[in-house]
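A quick write-up on the structure given underneath.
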Amino acid sequence: MSIDRVFVAGAGLMGHGIGQVHAAIGKQVTLYEPDLARAQAGRDRIAGNLDRAVARGKLDSAARDEILGRVTATSDMSDVRDADLVVEAVFEDVEVKQALWRELDALARAAAIFASNTSSISIDALASAVSPARRERFVGMHFFSPVPVMPLVELIRGAATTDATEAAIRELADVLGKKLIVAADRPGFIVNRILMPLLAEAMRTYEEGTGSAEDIDTGAKVGLNHPMGPLELADFIGLDVCLSVMRVLHEGIGGEHFRPPRVLEDLVAAGHLGQKTGRGFHTYPRG
């Protein structure tokens, strides 16, 4: 099916990036938040990203204006009625996501594809919130942050997802210039199933006093040739997001290597969520 209009529910860190990459390939994008100021803030972040691309000589001003002109901010969920693709990019909480999908299902046209950007939650669990007829067009489409830079997308099929739906997402990912991998509907899918135990072990190493945050990250970067240290990466992802994903993995699979470390629980409880709050395993200058 042709995908020309994309409705992105959630205009935060992931949502605004998802909106940007679709607008960059000529799609009409609607960024939705129930608070219009937050939706507009997402559009403003896209404008900032495009301005930086112009300053670096990667984009000209005319192209910048064309891309941004294809992005609309809204607080009216009924704007989903014209969408060919609906992408959900809200907090990694199954009840929050299910409640949103119920509302969207009541408004979106029958032919629209529903895609969740979930990084760990079962696609079938999310699809249970929509009508049975809709479930064949429900799929996981997991982008990675920052979306305009990271070239990977995980496609996750639910039990009812059809070949036609998968084919449409494959074609879209190709136009987006993304490498697509297919994961079974299991907790954490592929990437987070591998990544979260690594981050958790680095956190436990820090918690036990084996090394400082700086030395643990340097060990991974220099000794393992990782581009970013595991604690730095956790701060970048968001410690609240890491905690949510680890809980899904531990509840769904079990095993001590998936259990969230106490230091992570404590940091999140204290509101220290990483880069977005200025403090996590490291501290970051605000602004």
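The values are calculated or read from the model by the stated rules, or taken from the named source; none is laboratory data. All values derive from a computational prediction rather than experimental measurement. Cβ placement follows ideal geometry from the backbone for every residue including glycine, while neighbour counts extend to all protein chains displayed.
A few notes on this one:
- Within region 131-150, being closer than 21 Å to His16 by Cβ, out of contact with any Phe, Trp or Tyr (no Cβ under 8 Å at 6 or more places or on another chain) and part of a loop (DSSP other than H, G, I, E, B) holds for Phe144, Pro146, Val147, Pro148, Val149.
- All positions within region 52-80 that are touching a Lys or Arg at 6+ places or on another chain (Cβ under 9 Å), part of a helix (DSSP H, G or I) and surrounded by 14 or more Cβ atoms within 10 Å (Cβ to Cβ): Ala53, Val54, Leu68, Val80
- Every pair of residues 6+ apart whose Cβ atoms lie under 6 Å, when the first sits in region 178-199 and is in contact (Cβ under 8 Å) with a residue 24 or more places away in the chain and outside the structural domain of Ile216 (by TED's automatic domain parsing) while the second is surrounded by fewer than 16 Cβ atoms within 10 Å (Cβ to Cβ) and assigned to a strand (DSSP E or B): Lys179/Leu152
- Residue match in region 211-225 (condition: hydrophobic (A, V, I, L, M, F, W, C), closer than 24 Å to His142 by Cα and at pLDDT 95 or above): no
- Yes/no for Ala11 being surrounded by fewer than 23 Cβ atoms within 10 Å (Cβ to Cβ) and either assigned by TED's automatic domain parsing to the domain that holds Leu100 or of a type outside the set (Phe, Trp, Tyr) (or both): no
- Test: Phe91 is farther than 23 Å from Leu273 by Cβ and of a type in the set (A, V, I, L, M, F, W, C): no
- Failed criterion for Lys179 (all others in (1) at positive phi; (2) surrounded by fewer than 20 Cβ atoms within 10 Å (Cβ to Cβ) hold): (1)
- With respect to the stated conditions, Glu232 fails to be out of contact with any helix residue (DSSP H, G or I) (no Cβ under 9 Å at 6 or more places or on another chain) and either aromatic (Phe, Trp, Tyr) or at negative phi (or both).
- Residue list for region 203-243, filter: within 24 Å of the chain's Cα centre (by Cα) and without any contact (Cβ under 8 Å) to a residue 12 or more places away in the chain: His226, Pro227, Met228
- Residue count for region 102-123 satisfying the condition of being more than 19 Å from Val6 (Cβ to Cβ) and assigned to a loop (DSSP other than H, G, I, E, B): 4.
- Considering region 252-287, and only residues there that are closer than 19 Å to Pro230 by Cβ and of a type in the set (Lys, Arg), the residue that is surrounded by the fewest Cβ atoms within 10 Å (Cβ to Cβ) turns out to be Arg262.
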